[in-house]
Amino acid sequence: MKMQKTTIAAVIILTSGLLLSQDRFDMKVRNYFFAGLAGDTASLEKGMKICEDILASEPKQPEALVWHGMGLVTESRKAFEKGDQQTGAMMWQRGLDEMDQAAAIAPDSLGVRIVRGAVLLVASQYLPNAEMAHPLIEKGLSDYERAYSIQGPDLSHLGTHPRGELMIGIADAYSRLGQPEKAQEWFERIQKDLPGTPYANSAATWLQTKTLTPRQAGCLGCHAGGPN
């Protein structure tokens, strides 16, 4: 199973744009995870250690759980690439379980739902078949829709990146779940609300072809060098 850098980049863009608290957990770990996914093993270890230290005293701290789960999903890639399927599968499942536990503890936390949703929607693009991918897409879609409903129908107060990532994630998820009517509704909304943006361009592509590549479906406008 191959995971791309877009996973953490999407998380960073969304969390930085949607979370308003001054004491944000993501600020403590996101740069470590970003660097870790780019290949800096030491940085990933630092991010994981921060989560683990918190979980040692607060086992049900939801944001520490969801970020640690994302780290395990990221680390599972290395095991799979080395041919260690057993370790990879164990880390992959443990990571999913931790993210699910976080969502169960804090179902209305944007810091949880956005992180899990971004990881699952991107990870699902690299699974070998639709049977494996669909449960992740459904869960990721539920996270993004929950985040959208928490924000309310008027997202004009958000920046283009977080707003666009949230909307195109929902639209593409419906498309990949075989619900073109719902997908079309969201892609048309993107064109109306975000004209002249990369999100509107991707929406136009989908409306013409009824499909998007993973690169067209998220992390639009990310910078390769680091988080915005």
> By the scheme Lys and Arg +1, Asp and Glu -1, what is the net charge of all other residues having a beta-carbon under 11 Å from that of GLU45?
Replying inline: -1
> How many Å² of accessible area per residue for the stretch 109-186, probe 1.4 Å?
Replying inline: 38 Å²
> Which residues' amide hydrogens lie under 5 Å from the amide hydrogen of ALA38, considering only partners 5 or more residues apart or on another chain, with H built in the peptide plane?
Replying inline: none
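The values are calculated or read from the model by the stated rules, or taken from the named source; none is laboratory data. Bear in mind the structure is a predicted one, so any value in this text is a computation, not a measurement. When we count neighbours, we look across all protein chains shown, and the Cβ atoms used for this are built from the backbone with ideal geometry, even at glycine. What goes into the accessible areas is simple: the full protein's heavy atoms, side chains included, and nothing from ligands, DNA or RNA. Shrake-Rupley method; radii C 1.70, N 1.55, O 1.52, S 1.80 Å.
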